[in-house]
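Presented below is the structure to which this report refers.
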Amino acid sequence: MMDENSYAWSAGIWEADGSGGIWTNHGLAPVIKVVMNDIEILKTLKYLFKGSICEDMKGRKAAKGYRYTKPMFKWYVSRRLALNFALKVIPYVKGRKREIIIKIIKYYNKDITSRYQV
């Protein structure tokens with residue numbers, strides 16, 4: 001299942017529901033994450049790029065008269081796994097999210113200017 005279509009699909013999921021950057025949780029490191037309640041999508045991301053999945057209810061506060069019944073889950077990769085994700089999805093990512101991908105690639109001193117339009 002690891003083909004160009006899988007990478008394009010992953011880029012779309014990440015652009016819609018993901019975030020990333022060079023973060024300082026336990027030292028400076030590139031991080032990519034996706035938070036959603038559809039754990040099957042996150043399992044597919046884990047199959048494609050490894051990483052971890054955990055429950056993530058952080059920031060989920062009940063609105064007036066509304067209780068959350070579905071748990072949220074987070075898939076994330078860091079360090080070299082984040083670099084691998086960035087290298088696979090860069091052809092499919094646009095705009096602000098592309099800038100995040102480029103920062104992660106440059107963090108590892110990878111020259112991407114010759115291969116991708118930067």
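So which residues in the stretch 22-54 are part of a strand (DSSP E or B) and either surrounded by fewer than 17 Cβ atoms within 10 Å (Cβ to Cβ) or touching a Cys at 6+ places or on another chain (Cβ under 9 Å) (or both)?
Result: ILE22, TRP23, ALA29, SER52, ILE53, CYS54.
Which pairs turn up if I take residues in the stretch 84-110 that are farther than 19 Å from LEU45 by Cα and look for partners that are outside any loop (DSSP other than H, G, I, E, B) and among the basic types (Lys, Arg) with beta carbon separation below 7 Å, at least 6 apart in sequence or on another chain?
Partner pairs satisfying both residue conditions: none exist.
Read-outs: derived from the displayed coordinates by stated rules, not from any lab. Bear in mind that the values here come from a model prediction, so they are computed numbers and not experimental data. Here Cβ is always computed from backbone atoms with ideal geometry, including for glycine, and neighbour counts include all displayed protein chains.
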